[in-house]
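Everything on this sheet refers to the single structure shown next.
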Amino acid sequence: MKRVFSGVQPTGNLHLGNYLGALKQFVELQEDHECIYCIVDMHAITVPQDPKELKSHILDVASLYLSVGVDPKKSIVFVQSDVPGHAELSWILTCCSYTGELSRMTQFKAKSHNKESAPTGLFTYPVLMAADILLYDTDVVPVGTDQRQHIELCRDLATRVNNTRKKTFVVPEGRYLKEGARIMALDDPTQKMSKSAENIHSRISLLDEPSKIKKSIMKATTDSEGIIRFDQENKPGISNLMNIYSVLSGKSLSDLEKEYEGKGYGDFKKDLVEITVDALAPFREKFEEIRYSEDLIRILKDGAERAGAIAEKTIARVKENFGLGL
Ligand code: ATP
Ligand code: LTN
């Protein structure tokens, strides 16, 4: 069985983009893969975090994993900082990476704004991500397309080490979902839907109440043409909504175009509200059940133990191949 690893940062409530771009694949993959799903809290501290809020977000994200259908009997679910191997391997890989390649990462460029005071952790963020993946001899990494550059860097680092030393790492593949791989912000379809954007109506959080979902969708930016047609370049707003509609309902984009011929954006949006509310309702219900239960802590502790056992073996192999330690 192929091994899968992925992670989500505990930096706020997950949104539809996180679900369609990542979590939905997590659930599908666990049927025929050995899956390891992580809450990457050490990535979260690459920007300042309030300690109490961070703790609470870790448990929120873990609960959301379970609420959307990640099954701890099939998959390992754990918190990154509970397994020390991530930090250890990250340093070793830092010593194998080049400042030039890290400077080219678009996420670093976007988040550092060219400032002298940009945190070093933001710069080395992709190396920690590579460590997460390589620590578990991962074959497949399901992520949104926004992570493609980071996955390529991880592959480069693994290949570089394998070519210059003994074969040490499995070189992983990224797995990107085509439709829905990039969900855009509802208020500005040129930006990706994001947890950290200021306007709460730019996103639909997985725990949003029906009234909030309705407001955000009805306010969503479209265009003045009034025709429901998929054209990402010229009609990014309605195309983004069609994308969401299509993945949630299973209807193809061309079927949607036919179904809404002669109808306006208002009708389309009203139906999308209903579909979204129905899709998210079971997640909210399950979340309430699990978030404050003792089961949650037990699942995460057990997950850290199982992940730790795999990680220890990789670290021993890496140290041996690098000549580190006794
Ligand atoms: P933010 O939303 O705050 O920018 P982020 O990009 O740091 O968060 P994570 O929480 O680390 O996102 O992302 C978890 C997963 O969700 C990743 O696989 C990422 O590719 C995916 N993802 C995030 N935003 C979107 C989006 N708008 N569309 C599709 N997938 C997304
Ligand atoms: N950078 C990723 C989160 C992440 C990740 C990983 C994803 C950290 N480590 C390992 C897959 C595999 C993001 O989505 N922002």
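Among the residues of the stretch 221-229, are any surrounded by 15 or more Cβ atoms within 10 Å (Cβ to Cβ) and either assigned to a helix (DSSP H, G or I) or touching a residue at least 60 places away in the same chain (Cβ under 8 Å) (or both)? Scanning the stretch 221-229 turns up no residue that is surrounded by 15 or more Cβ atoms within 10 Å (Cβ to Cβ) and either assigned to a helix (DSSP H, G or I) or touching a residue at least 60 places away in the same chain (Cβ under 8 Å) (or both).
Listed conditions (1) closer than 23 Å to residue 196 by Cβ; (2) modelled with pLDDT of 95 or more; (3) in contact with a strand residue (DSSP E or B) (Cβ under 7 Å, 6 or more places away or on another chain) are all met by residue 150, apart from (3). Given the criteria closer than 30 Å to residue 215 by Cα, modelled with pLDDT of 95 or more, crowded, with 19+ Cβ neighbours inside 10 Å and more than 12 Å from ligand 2 (Cβ to nearest atom), does residue 158 qualify? So residue 158 fails the test. Only residues that are over 19 Å from residue 213 (Cβ atoms) and not charged (D, E, K, R) were counted across the stretch 235-249, and they come to 2.
Do we find a residue being over 30 Å from residue 241 (Cα atoms), away from ligand 2 (no atom under 14 Å from the Cβ) and of a type in the set (Val, Ile, Thr) anywhere in the stretch 187-198? Within the stretch 187-198 (the criterion being over 30 Å from residue 241 (Cα atoms), away from ligand 2 (no atom under 14 Å from the Cβ) and of a type in the set (Val, Ile, Thr)), the answer is no, since none of the residues qualifies.
Restricting attention to the stretch 51-98, which residues are free of Cβ contacts under 8 Å to residues at least 12 places away in the same chain and either small (Gly, Ala, Ser) or part of a helix (DSSP H, G or I) (or both)? Scanning the stretch 51-98 gives 51, 52, 53, 55, 56, 91.
When the stretch 247-266 is filtered for residues that are touching a Phe, Trp or Tyr at 6+ places or on another chain (Cβ under 7 Å) and part of a helix (DSSP H, G or I), the ones remaining, listed by number, are 253, 256, 257. One residue stands out in the stretch 109-141 among those that are under 25 Å from residue 190 (Cβ atoms) and either at pLDDT 95 or above or within 8 Å of ligand 2 (Cβ to nearest atom) (or both): the one that is surrounded by the fewest Cβ atoms within 10 Å (Cβ to Cβ), namely 122. With respect to (1) within 16 Å of ligand 2 (Cβ to nearest atom); (2) under 25 Å from residue 208 (Cα atoms); (3) small (Gly, Ala, Ser), the lone exception for residue 81 is condition (2).
Considering only residues that are of a type in the set (A, V, I, L, M, F, W, C) and near ligand 2 (Cβ under 10 Å from one of its atoms), look in the stretch 8-49 and name the one that is farthest from residue 280 (Cα to Cα). Among those that are of a type in the set (A, V, I, L, M, F, W, C) and near ligand 2 (Cβ under 10 Å from one of its atoms), it is 42.
The values are calculated or read from the model by the stated rules, or taken from the named source; none is laboratory data. The structure displayed is predicted, hence computed values, not measured ones. As a convention, Cβ positions derive from the backbone with ideal geometry for all residues, glycine included, and neighbour counts pool all protein chains shown.
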